[in-house]
Every structure is written in C-alpha cells, then in structure tokens.
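Here is the structure we will look at.
The values are calculated or read from the model by the stated rules, or taken from the named source; none is laboratory data. The structure presented is a predicted model; accordingly, all values stated were derived computationally and were not measured. Backbone-built Cβ (ideal geometry, glycine too); neighbour counts: all protein chains shown. SASA here: full protein model, heavy atoms, side chains in, ligands and nucleic acids out. Shrake-Rupley method; radii C 1.70, N 1.55, O 1.52, S 1.80 Å.
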Amino acid sequence: MKYMLLIYNRPGFAEELSEAERDELFGGVDALMKELTESGELIGGEALADPSQTKTVRVRDGVPAVTDGPYIEAKEQFAGYIMVDCETPGRAVEIAARWPDAKRWAMEVRPLMQQSGTEM
Amino acid sequence: MRADDRVEDLLRALAPQVLGALVRRHGQFDACEDAVQEALLAAAVQWPEEGMPDNPRSWLVTVASRRLIDQWRGEHARREREVAVATREPADLSVVPAPGEERSPGQDDTLTLLFLCCHPALSPPSQVALTLRAVGGLSTAEIARAFLVPEATMAQRISRAKQRVKAAGARFAMPPQAERETRLRAVLHVLYLVFNEGYTTTSGPDLQRADLTGEAIRLARGLRRMLPDDGEAAGLLALMLLTDARRPARTRPDGALVPLAEQDRALWDRAIVAEGIELITETLARAPLGPYQLQAAIAAVHAEAPRAEDTDWPQILALYRLLGRIAPNPVTTLNEAVAVGMVHGPRAGLDLLETLTADDRMTGHHRLDAVRAHLLEMAGDHEAARTAYRSAARRTTSLPEQRYLETRAARMAEAARTDS
C-alpha cells in the first residue's frame, strides 16, 4: 500500500531551536530517509517553501483571482511530504511517528488511491 | 511475431536455466543473479542486430560467467586479495559448458530457483519482486513500472531480498521433503499475487501492469509442467485462465468496472475458458482437493452459464462451503454470503454477513459494506443499500471501485425516491 505522509509544522520554528536541537531534527530526518531508502519503502518526497511564498488561485465566473498566502491560515502549515510503499497501515503510522515533526507538530498518514479495482 | 519478440520470449525462458547453471557452479546467488541480468541485457541488444547465436543458452552462460569473473576480479582487486581469487576461479568459467550440461535438467533448476525466491525469510512483496526478476527474467525497470514505484526503489528491494536470502543461509537446492509442501504453497501464493496485481488493472496509464497477468500465467504453466501431479499447481493455472478469460468484459472502454452479473459474456475468451474448464475438470477427478482448485471450480461454474441468470448458484454455494471448511477465510464467507443470497434470498445472506462484523480482519473493510449493500439492494431496501454503498465508497482505495460504488449509491437514492 502506498501512503503519503503529510508533514505539518509551524513555519520558521527551526530558527528558534538551539543548535543541538536543530542537529537532532535534521539528523533524525536523514537517518529515517536513509533507512527508508535501504528498505525499498521510499518512493519520494519534497519539502515546500515557506507558506508566505504561496499563491492561492480561485476562478469564479471564469475570472481567476490570485491572492498571496495559503488557502487556510493556520498556525500549523503543510510543510512537505514523503511517499512510502509499505506492507501494512501500521508500518506507515510507525514511520510517521518517527518523523521528527511528529514530536512537536503533527503528521498525517493518507492512503493513496490506486487505478486498479476488483470485480464487484 | 517480430524478431525482437522472439528474442525476448527466448531470453525469458532461458533466464532461470542460465541462472541455475551459474549458481550450481559458483554458488553466490546474489552475484550470479546480477551477472545473468547483464547477460540478458547484452543479448537483448546484440541478438536482434547480429543474429541469434547457434546455442543461445551457452552464449548466455558464457557471457554471464565472464561478468561474474570481472566482478570478482574488481572486488578482490579492491580488497587486494587477487591470490585468493586465482585459486577459487574455476578453469572452465569462460568456456562453453560441457556437452553434458546442455542436457542438464533446466526445469529442475527453474523449480529450485522458484523455491529460493519464495524463501520464508522474505515478505510476500519481496518474494514477488525477486521471482519476477530471477525466474521471470524481467528487468528491474520493468518490475518497477509494473508496481508503479521508482526504479531505484525496486532495485533496493531486490538487492535487499537477495541479502536476506543469503543471510538466511539458503542454498541453491530443493527444500527438504518435510518443508516442500509449505514452500510450494508460498510459490503458488506468489504467482497468485503477480496475477492479481495485473488483473485488477483496469485501463489508462497502468495498462502495462496487465502484462503481469500474462507473466503469472506463463510461470504457472511452467510450474504445472514441472509438477504435473500437483493438483493445486493445476488448480491455480485453471483459476488464472478462467479469470483472465473475462478480462475483455470486466471493464467498459472508459475504464469503468462491470460486475460479473452485467458482463457481456460474448466478450469472454471462449478458447481460454475451454482450456480452464478442461484443466480443472481433469484435476478435480484425480488430485486431492485444495483451495485453488475450488476457486477454479467456482470460476468454471460461472463460465458455464450462458447468461447470468442461468448461473448454477446452488453448486457455487456448495463449493464456497467446501472452501470455507478446508481454508477458512473471511473473504470466502463474504463470497458465500452472496451465494446464500442468490439461493436462499438476501435476508439469509445478510444473516451470514452478521457473523463477519465481529471479525477484526474485516473491520472497516469496504468489501463487507459492498456485499451488504448488494444484498440490501436485492432485498429492496434502497435507503439502507445507499448508506452501505456510500460507506464502501469512502473506504475503498481504488478509484474504479469508488466510481462504481458511488454510481450504485446514486442509483439507490433514485430508487428510494421512487419508492416513497
């Protein structure tokens, strides 16, 4: 099963961390990415730029309206994702629990839809 | 058939034999497997251009052996252990195999290889990946495409699977007699998984995944040839054939799923149906009964009905009950509930479903809701059927299934309005 693990955090929080905390955070990410690469579970992932760089686009009556900033103003913002292919839903949750942001903020585990289907 | 296709078919058939020959000589399954892949790639490039060698198998063994030696030399040079390698290097490595070897039982090697790839130290997905590469002769890129993951991810999985097999101390030999039965079940399960991976593909960008169906059938045919007395190997092949025969009817051109009852049976592949029915009939008459044979028998009963309404449901129900006795499984009970609904009415089917609601393995499973919805629809309870279809639509992670279930829910809403 493929899952997208959505990473949520407060933009800019890393600046407020001590050097040691930052090292632990990035070290934790590196270690987990290495493990997931070696296990053949990692499919991909990306980090997103700061929410202030977002443009939200809405088209109403055929007219696009573009505003600066994210769709939902919230303390915790969508910061990036990793995609994994793992054997059980439990394993996906386990990976999310080990992602450093889960300690301070939150991770969301979302199953991906697939194109295949069985006869009903 | 184009020359390239002929070359490819031949390479895929020879792949496990060449690997078997190499591993028997040199041991080191993981290194040999890499070397054979390289030889297959070289052949795929050279043969269509320069023509087929006189003895394709020898050519592949020779090229793969050379690669293996090159690899060893490289590694050992790095480790500065040339002396050690010189003594280990067999003298005949780069020459054509002895004439006797040409008559060596390539089939036995293929079977041994299948058992090795389906080693219990590996998870089913790893068994599948390794089997497709080492026995099926597919490239890592092809397997990655079929499973919709990046090539690097699949390469990592295969390499890890090989490490595991090595770490488990597995040798290139048939498993001991006492283990053989269990190991054979694992092999059959892997082929079944490969088949399903391809079969559930509907249309669109994933269509190439459907090749997995053909690959599974090819491997199952090979397995049956190697184990002609095994009823389950024959049963699995028959099940695959009878299921695959329905493929042209199971989706509409736009990719929408068509349930069995609504399929245009004129589209079923009659030749494959006939082969499947003959195989399962002959097997049931002689072999001890097993789950794949029973599932094939059920598929055969469906295939024999000219129209959906001609289906012999009492026989299907009896077969599901038998299946539930020899291999209890909640999915079997689910299917049995559908058959009960057809024979004894939807309420009786719903009663049987109730026994599953306490089963952890089915909790939150969309198929339970889908079957409940179907039986409620049969019972004329459109409102409850709509709720159940909606619930199933929310829980499935398959887009075509979701689309089907949502369409069904909308139809129930319409019917409920007409009712009132």
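So, of the residues in segment B:5-37 that are of a type in the set (D, E, K, R) and under 25 Å from the mean Cα position of the chain (by Cα), which turns out to be most open to solvent (accessible area, probe 1.4 Å)? Filtering first and then ranking leaves B:R6. Summed over segment A:71-120, residues that are in contact with a strand residue (DSSP E or B) (Cβ under 8 Å, 6 or more places away or on another chain), more than 14 Å from chain B (Cβ to nearest Cβ) and open to solvent by 30 Å² or more (accessible area, probe 1.4 Å) total 11. For segment A:29-45, filtered to residues that are open to solvent by 50 Å² or more (accessible area, probe 1.4 Å) and not small (G, A, S), the residue that is farthest from the other protein chains (Cβ to nearest Cβ) is A:D30.
A residue that is under 29 Å from B:R225 (Cβ atoms), modelled with pLDDT under 90, in a loop (DSSP other than H, G, I, E, B) and not acidic (D, E) occurs nowhere in segment B:54-77.
What helices (runs of 4 or more DSSP H) completely inside segment B:150-264 contain at least 1 residues that are facing another protein chain (nearest Cβ under 10 Å)? Answer list for segment B:150-264: B:151-167, B:177-199, B:231-244, B:247-250. Which ones in segment B:356-371 are within 15 Å of B:A339 (Cβ to Cβ) and away from chain A (no Cβ under 12 Å)? Matches in segment B:356-371: B:L356 only. In this structure, is B:L353 at pLDDT 90 or above and within 14 Å of chain A (Cβ to nearest Cβ)? Judged against the criteria, B:L353 is not a match.
Among the residues of segment A:11-27, just one is surrounded by fewer than 16 Cβ atoms within 10 Å (Cβ to Cβ), in contact with a helix residue (DSSP H, G or I) (Cβ under 8 Å, 6 or more places away or on another chain) and touching a residue at least 40 places away in the same chain (Cβ under 8 Å), namely A:F13.
A count restricted to segment A:92-119 and to residues that are in contact (Cβ under 8 Å) with a residue 24 or more places away in the chain and not in a strand (DSSP E or B) stands at 10. Selection within segment B:357-374: residues that are surrounded by 21 or more Cβ atoms within 10 Å (Cβ to Cβ) and among the aliphatic types (A, V, I, L, M). The member of this set that is nearest to B:L405 (Cα to Cα) is B:A370.
Taken over segment B:377-408, the criterion of being crowded, with 20+ Cβ neighbours inside 10 Å, within 14 Å of chain A (Cβ to nearest Cβ) and more than 25 Å from A:K2 (Cα to Cα) is satisfied by B:E377, B:A385, B:A388, B:R408.
Could you tell me whether segment A:46-55 includes any residue that is part of a strand (DSSP E or B), free of Cβ contacts under 8 Å to residues at least 60 places away in the same chain, more than 14 Å from chain B (Cβ to nearest Cβ) and open to solvent by 70 Å² or more (accessible area, probe 1.4 Å)? Looking for residues that are part of a strand (DSSP E or B), free of Cβ contacts under 8 Å to residues at least 60 places away in the same chain, more than 14 Å from chain B (Cβ to nearest Cβ) and open to solvent by 70 Å² or more (accessible area, probe 1.4 Å), one finds at least one in segment A:46-55, hence yes.
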